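The values are calculated or read from the model by the stated rules, or taken from the named source; none is laboratory data. Just so it is clear, the model here is predicted, and its values are computed rather than measured. Glycine gets a Cβ as well: all are built from the backbone with ideal geometry, and neighbour counts include every protein chain shown. Protein only, heavy atoms only, side chains kept; ligands, DNA and RNA dropped before computing areas. Shrake-Rupley method; radii C 1.70, N 1.55, O 1.52, S 1.80 Å.
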Amino acid sequence: MTQKTVIVEPTGEYADVDTRLALDAIAGLLDGDADVRRRTAALVELEPARFAPPVLCALSEVLLDQGRPADAAFWFYAGQVRARFDANRCTDPSAGAAVGALTERFGGPVNRFAFTDTARLRRTVVRAVLWDRATPHEYDHRWIALHGMGAFTGAGGPLAIPAAEWERTARRTRAEYLRGLREALRSIPRPRS
């Protein structure tokens, strides 16, 4: 059976979602030669507020390749927190599958490193959550809506909950993320003494 790629042109509000910077950065991080990957990674680290969560997750792969696993873990978890917030403020619940896709694509190597030292993992995740709280979101948060069924069916309506609800949603998302960390750490078998 031959696979065929079908490109669906977005319509309505979906057509206004600007992902050009993110797509260019991801191409530079994952498809570029070593020099392009290095330059793109440096740019993303210099101006991370401008980049959507998939870029931060892709950055983690480049940093792992550069022998910087602690930095890779930080940017992956920062991207994960932001992706979850974007999913929580998106009106299409099916778009949240993008968070799992990012974890599946980039999380394995980062988590294998991070879970070798639970104290470091805890510090890294807390640092990522604090960074998220302190750092503006200067990218188009609607990127995630393009990953939901509404983008394919042409569902109308706003792509995000009202802006007045964002801060409360962000606080809830960060609290849930930290709760998930605590649960993950409790599930790790402790060495017997």
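Summary table below
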{"read-out": "Mean ellipticity per residue at 222 nm, deg cm²/dmol - from DSSP H runs of n ≥ 4 across the chain, formula -39500 (n - 2.57)", "value": "-18500 deg cm²/dmol"}
{"read-out": "Contact order normalised by residue count of the chain, Cα under 8 Å, 6+ apart, percent", "value": "26"}
{"read-out": "Pairs of Cα atoms farther than 20 Å apart, the stretch 127-193, %", "value": "52"}
{"read-out": "Global size of the chain as Cα Rg and Dmax, reported in angstrom", "value": "17.3, 61"}
{"read-out": "The chain, accessible surface, carbon-and-sulfur percent (1.4 angstrom probe)", "value": "54"}
{"read-out": "The stretch 159-193 versus the stretch 18-33: alpha-carbon centroid distance in Å", "value": "28"}
{"read-out": "Cα gyration tensor shape of the stretch 1-40, rounded if a/c is under 1.5, else prolate or oblate by comparing a/b with b/c", "value": "oblate"}
{"read-out": "Potential lengthening between Leu23 and Met149 on full extension [0.36 nm per residue; Cα-Cα distance subtracted]", "value": "43.3 nm"}
{"read-out": "Glu45 versus Leu130: modelled label distance in nm, points set 7 Å from Cα along the beta carbon direction", "value": "2.0"}
{"read-out": "Cα gyration tensor shape of the stretch 107-163, rounded if a/c is under 1.5, else prolate or oblate by comparing a/b with b/c", "value": "oblate"}
{"read-out": "Stokes-Einstein D for the stretch 1-96, Kirkwood Rh over Cα pairs, 20 °C, 1.002 mPa s (µm²/s)", "value": "146"}
{"read-out": "Per residue solvent-accessible surface (Å²) - the chain, probe of 1.4 Å", "value": "56"}
{"read-out": "The stretch 149-193: trypsin sites (Lys or Arg not before Pro) in DSSP coil with no more than 14 other Cβ atoms inside 10 Å", "value": "Arg192"}
